[in-house]
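Taken together, the values in this text are just the output of simple stated rules run on the coordinates, not laboratory data. Bear in mind the structure is a predicted one, so any value in this text is a computation, not a measurement. With ideal geometry, Cβ positions are generated from the backbone for all residues, glycine too; neighbour counts draw on all protein chains shown.
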Amino acid sequence: MSVVRPASVEDAVACARVVSGWVRATAWMPERFSEDDLATMIADAIPVRRVFVAGDPVAGYLSFHPETDLIAGLYVARRGHGLGKALIDEVKAGRDRLQLWTHVPNVRAHAFYEREGFEKTGKTRDGDDGQTELHMEWRR
């Protein structure tokens, strides 16, 4: 089982490293932000969202808006090690609904979310990163 804990501002650099590594490893994702820019954005989000990290050292992170049940970001450095599941389980606890937007080309993420009980709603939007995103929702 992966260790999941609330993130602190001091975790922002490690979280940015996870996101940046995913972007570099994903051919269809443009590299729009530097790792320093990502660290600043994540540090700014930590005090205003519920943000969790997994692993020691940090190898996964999830950013969550509890007022809208929206998972705003989920990234892991090592797939298949239970990090994503541990982070999702953390925000599922005590909730009846979650929602998220996932990149249309990210079929591996779609499969993961479906294994976790999320369903595609059919809604799409243009994401801030220039990629079309697909809406998914989980209900208890």
From the Cα centre of the stretch 15-33 to that of the stretch 61-140, the distance in Å is 17
Summing -39500 (n - 2.57) over the DSSP H runs of n ≥ 4 in the chain and dividing by its residue number, what mean residue ellipticity at 222 nm do you reach, to the nearest 500 deg cm²/dmol? -9500 deg cm²/dmol
Please report the projected area of the chain's Cα convex hull averaged over all directions, in nm². 7.8
The stretch 4-139, relative contact order [Cα under 8 Å, separation at least 6], %: 20
From a point 7 Å beyond the Cα of Arg78 in the direction of its Cβ, which residues of the stretch 44-60 have a backbone N at a distance under 12 Å? 55-60
What's the FRET efficiency of Glu31 with Arg97 using the Cβ-Cβ distance as r and R₀ = 35 Å, to the nearest 0.05? 0.60
Hey, fewest Cβ within 10 Å first, where do Asp96, Asp89 land in order? Asp96, Asp89
Using the crude model of +1 on Lys and Arg Cβ and -1 on Asp and Glu Cβ, and no other charge, please compute the dipole size for the chain relative to its Cα centre, in debye to 20. 560
Sequence-distant residues sharing a close amide H with Gly60 (under 5 Å, placed H): Ala54, Ala77
Förster radius 25 Å - calculated FRET efficiency between Val13 and Gln131 (Cβ-Cβ, nearest 0.05): 0.50
Gly73's amide H: which non-local residues (gap 5+, or another chain) put their own amide H closer than 5 Å, with H modeled 1.01 Å from N in plane and none for Pro or chain starts? Ser63
Which value in nm describes the separation of the simple spin-label points at Arg5 and Arg139, placed 7 Å from the Cα toward the beta carbon? 3.7
